[in-house]
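Step one of this worksheet: look at the structure below.
FYI, it's all coordinate maths here, none of it is from the lab. What you are looking at is a predicted structure, and each value in this text was computed from that prediction instead of being measured. For neighbour counting, all protein chains shown are included, and Cβ atoms are generated from backbone atoms with ideal geometry for every residue, glycine included.
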Amino acid sequence: MEPILIINNLIVTIAGRRVIDDVSLELYPGRVTAIVGESGSGKTLTALSVLDLLPETAKVVSGEVIFDGKDVFKLREDEKRKIRGFDIGMVFQEPFTALNPVMKVGDQVGEVLLAHNIIKKKELKPKVRELFEQVKLSPNVADSYPHELSGGMRQRAVIAMAMACDPRVLILDEPTTALDVSIQEEVLALVSSIQKKNNLSILFITHDFSIVNMLANEVCVMKEGIIVEKGSREDVLRSPQNEYTKKLIDCIPRIGDKRDRLPG
Amino acid sequence: MIKFENVKKYFYKKDRFLSQGKNVVKAVDGVTFSVDKGTTFGLVGESGSGKSTIAKIAVGILSLDSGVIEMKGDCDIVFQDPYSSLNPRMTVNEIVSEALYIRGRKKDLIDKRVDNVLGMVRLERAAKDKYPHQFSGGERQRVAIARALVTEPAVLVLDEPVSSLDVSIQAGVLNLLKDLQEELSLTYLFISHDLRVVEFMSDMVGVMRSGQLVEVASREEIYSSPKDDYTRHLLASIPKL
Amino acid sequence: MVLGIGYRFIARYSILGTNSEHNTIMNKRILFGLIIITIMALVAILAPFVATYDPLEMDLSPEARLQAPSAQHLFGTDNLGRDVFSRMVYGTRISLSVGFIAVFISLIVGVFLGGVSGYYGGKVDSGIMRLVEVMYCFPTFFLIMMVITFLGPNIVNVMVVIGFTSWAGLCRLVRAEFLSLRERDFVHSAKVQGVSDMRVIFRHILPNAMAPVYVSATLSVGGAILVESALSFLGLGVQIPTASWGNILTAGKNYIDFAWWLTLFPGMAILITVLSFNMIGEGLREVLDPKLKERKG
């Protein structure tokens with residue numbers, strides 16, 4: 001199978017320091033690739049590089065990001081804009097900041113549809129309704145403002161927005177880190193079902209190996225800008241080769257854990 | 001060591017102009033529990049459950065509306081975010097020694113004690129003259145723990161002490177807290193949203209929801225045979241590794 | 001020992017501080033402003049050496065009066081034959097000292113009232129805030145004029161009155177900082193450890209509240225200099241024959257048709273000085289305000 005998204009030997013520096021250091025990874029159609037790492041590992045920057053949304057202080061030294069056979073860095077600004085949101089949807093950690101506080105969430109989802117000229121104005125309402133149903137939100141929620149929603153509902157609305165243009169790739173950057181555990185589980189289950197139903201390719205950024213276990217097919221473990229281990233979920237989780245990967249997996253307490261001290 | 005009896009704390013929202021509706025938030029609504037000396041009571045709950053309000057009441061940052069709190073010995077607190085819990089304009093030495101300094105202890109005794117607690121939390125002596133921003137998150141949390149220990153309190157309230165730390169750092173801080181408890185026979189009130197961390201740390205566990213304790217039991221009972229539906233729901237939500 | 005205390009004081013209250021967020025406190029605007037103000041300050045301090053003539057020495061002979069700028073009289077002479085350059089050099093003393101001292105007074109009043117208001121809240125806060133609103137309601141300049149008329153115009157009165165009428169903005173600013181800082185965990189922690197209110201205010205909160213205060217105070221210096229010039233222009237400030245930029249302007253306004261140097265030079269001096277302070281203030285705001293800083297990935 002041909003990968004839908006390839007990152008080739010990407011090197012990015014900020015103020016002379018390599019924040020992404022020779023990163024290569026592939027995302028296959030209908031598969032979930034997880035990038036796991038702690039803060040400062042470069043996992044979020046790697047995700048942003050896919051959309052060429054790196055902060056201005058960052059410099060791409062070498063490498064390429066190939067989506068659909070084309071190098072994203074070499075595209076014109078309008079071509080990039082077409083990819084963002086249309087071909088590749090993105091969901092960030094904090095659902096509140098991703099939504100405009102003075103706009104009804106339904107209108108915000110509709111705005112994405114209109115911006116990409118996907119549908120006519122009169123078809124808007126049913127389409128928004130359909131999107132909300134897809135993320136298991138009551139269509140009435142469309143008339144609410146972000147502050148009237150709980151964290152979990154907001155994140156669902158953001159996912160609906162990301163899904164609005166029926167993208168082929170979804171990038172999720174720690175989408176559940178700001179949520180309570182019980183809500184986290186619901187949102188992850190939702191992501192999983194949408195992925196299967198739409199045969200989506202997902203790039204999932206997280207620090208939590210238990211989420212990797214739930215969702216991912218392939219895993220990249222990042223540390224200080226470098227991919228230290230890459231492989232299938234089973235290989236990386238059950239028989240990690242890298243010391244850092246082992247430490248990350250072992251240092252999480254588990255239910256029924258009989259250990260008196262954690263490694264680390 | 002610690003005893004909470006039917007403790008209540010309500011917050012009253014100011015009436016908004018031309019708006020009606022709820023304006024009482026029952027943050028803590030009749031909470032009763034006790035903690036034995038040298039043990040850890042884990043308080044677990046989701047956001048808005050009132051667990052942090054209990055931490056603030058325990059150390060007197062918030063007053064209580066009704067009920068009784070008994071505490072034997074001094075009590076200090078470690079907060080969640082070591083970036084906001086340390087004064088950015090004070091050196092580690094100033095931060096850790098302040099509680100002794102304001103009590104008028106002699107300088108050489110203060111110096112000795114500060115060296116002592118910094119050793120306990122495994123920080124180098126050279127740390128004394130540095131400022132908080134020169135440390136990593138884990139090291140900052142160690143400074144916060146050293147500050148809390150400097151007056152030799154019997155009880156420590158730990159309000160999500162590892163929630164803002166990376167997992168690999170989290171393990172080190174949890175281990176350290178366990179070591180300190182054994183060395184100093186400290187009593188912990190350990191507050192967290194993470195059931196896995198609470199299980200690792202606690203002897204007794206209380207599950208909070210909307211200001212009330214829905215279940216209090218030993219760690220084994222909570223995690224192997226939970227009685228309350230909400231406890232079960234929470235346990236089922238934990239992603240498995 | 002003295003050095004140690006000095007160092008700690010700087011670490012605690014200065015902009016240079018020790019906060020990693022401000023790894024640089026320099027930018028072009030601050031540098032430009034500082035250079036101009038430093039030159040001005042040197043001129044003010046070394047006035048007797050910089051001035052080429054006695055600023056009060058008159059020469060009423062017709063050929064000495066209203067001379068255009070020349071090598072002998074850089075900025076020309078005024079209607080009484082006095083050297084304008086020398087008068088302006090001495091005027092720098094007045095303007096800068098009024099600016100700094102007036103702002104210093106308003107800083108003390110504003111920081112103290114704002115701090116108390118923000119820290120204690122409740123009735124104290126309401127009381128102080130009503131007072132602030134009253135201060136805001138007065139047209140400040142007319143209030144200053146009125147008070148000066150009662151107290152008599154002299155430089156000390158001008159400083160004190162400007163100081164005591166311009167603290168309201170600072171007070172609000174400091175109050176807002178205190179309101180947010182008093183909920184920070186390091187403040188909670190200090191209280192749990194039994195630190196006294198006064199120590200919490202001065203040791204924990206105030207040092208962390210200073211950044212916006214410096215910005216506002218720097219901008220206020222320019223404002224105070226403007227007010228002093230305006231008062232002197234109206235004859236309510238520094239009294240003749242003592243020179244100030246404002247009263248040189250007053251004298252010049254009658255001859256503006258043919259003696260442009262009498263209005264141009266003091267006008268430019270006021271403009272450049274106020275501009276420099278504003279540039280330092282804006283520059284500081286840029287450096288100190290994290291919201292204006294571009295986020296670094």
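At R0 = 45 Å, how high is the FRET efficiency between B:E124 and A:I119 if r is their beta carbon distance? Nearest 0.05 is fine.
Working: r = 63 Å, r/R0 = 1.39.
Computed FRET efficiency for B:E124 and A:I119: 0.10.
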Study note, to complete from the structure: Measuring from its Cα centre, chain B shows a charge dipole (+1 at each Lys and Arg Cβ, -1 at each Asp and Glu Cβ) which, in debye to the nearest 20, is 680
**Study point:** Label point 7 Å beyond Cα of C:L131 along Cβ direction - residues of segment C:69-112 with amide nitrogen under 16 Å
**Key:** C:105-112
Practice item. Step through the residues of segment A:85-97 one at a time and calculate ³J(HN,Hα) from phi using the Karplus curve (6.51 cos²θ - 1.76 cosθ + 1.60, θ = phi - 60°), rounding each to whole Hz and writing x for Gly and Pro. Key: x, 8, 8, 10, x, 9, 10, 9, 5, 9, x, 6, 6
Exercise for review: Putting +1 on Lys and Arg Cβ atoms and -1 on Asp and Glu Cβ atoms, find which of B:I61, B:P153, B:V197 reaches farthest to the positive end of the dipole of chain B.
Suggested key: B:I61
Point to revise | Calculated log₁₀ intensity ratio I(q)/I(0) where the Debye formula runs over C-alpha points of segment C:164-241, q = 0.22, 0.25, 0.27 Å⁻¹ | key: -0.97, -1.11, -1.19
Practice item. Once you've got the GNM for chain B with C-alpha springs shorter than 10 Å, pick whichever of B:R113, B:R89, B:R103 has the biggest mean-square fluctuation. Key: B:R103
Exercise for review: Quickly estimate the mean residue ellipticity at 222 nm for the protein assembly as shown, helices only: each DSSP H run with n ≥ 4 gives -39500 (n - 2.57), and the total goes over all residues, rounded to 500.
Suggested key: -14500 deg cm²/dmol
**Study point:** Nonlocal amide H pairs with B:E215, under 5 Å, H built at 1.01 Å
**Key:** B:V207
Exercise for review: Counting only C-alpha contacts under 8 Å and six or more residues apart, can you give the relative contact order of segment C:27-288 as a whole percent?
Suggested key: 26
Check your understanding: What's the angle, to the nearest 10 degrees (0 to 90), between helix A:151-163's Cα axis and the longest principal axis of chain A?
Key -> 80
Check your understanding: Hey, in the GNM for chain B with a 10 angstrom Cα cutoff, which one of B:V68, B:V28, B:V197 fluctuates hardest?
Key -> B:V68
Practice item. Compute the acute angle (0 to 90°) between the alpha-carbon long axis of helix B:167-184 and the principal axis of greatest extent of the alpha-carbon atoms of chain B; round to the nearest 10°. Key: 80
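Is there a simple number for the mean count of other chain Cβ atoms within 10 Å of the Cβ of residues in B:167-177, and what is it?
6
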Point to revise | Helix axis angle, A:124-134 relative to chain A longest principal axis, alpha carbon, degrees | key: 40
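Work out the FRET efficiency for B:T32 and B:D74 from their Cβ-Cβ distance, taking R0 = 35 Å, and round it to the nearest 0.05. Each step should come with its number before you reach the end.
Details: r = 23 Å, r/R0 = 0.65.
Between B:T32 and B:D74 the formula returns 0.95.
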Point to revise | Leading residue at positive end of dipole, chain C (Cβ point charges), from C:I280, C:I225, C:L60 | key: C:I280
Review point. Dipole size in debye (nearest 20) for the protein assembly as shown around its Cα centre, Lys and Arg Cβ +1, Asp and Glu Cβ -1?
Key: 780
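Relative to the Cα centre, what is the charge dipole magnitude of chain C, using +1 at the beta carbon of each Lys and Arg, -1 at the beta carbon of each Asp and Glu, and rounding to the nearest 20 debye? Can you show the working numbers first?
Values: 23 positive and 19 negative charges, 240 e Å.
For chain C, the charge dipole is close to 1160 debye.
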Exercise for review: Work out the charge dipole of chain A with +1 on the Cβ of Lys and Arg and -1 on the Cβ of Asp and Glu about the Cα centre, then indicate which of A:S62, A:P253, A:V109 is farthest towards its positive end.
Suggested key: A:V109
Check your understanding: For B:131-142, what's the mean count of beta carbons from other chains sitting within 10 Å of each residue's beta carbon?
Key -> 2
Practice item. For each pair in A:K43/A:K197; A:K80/A:K136; B:K51/C:K191; B:K3/B:K107, compute the distance between the two Cα atoms and list the pairs where it is over 25 Å. Key: A:K43/A:K197; A:K80/A:K136; B:K3/B:K107
Practice item. Could you work out how far apart the two model spin labels at B:Y83 and A:S192 are, taking each label as a point 7 Å from the Cα in the direction of the beta carbon, and quote it in nm? Key: 3.2
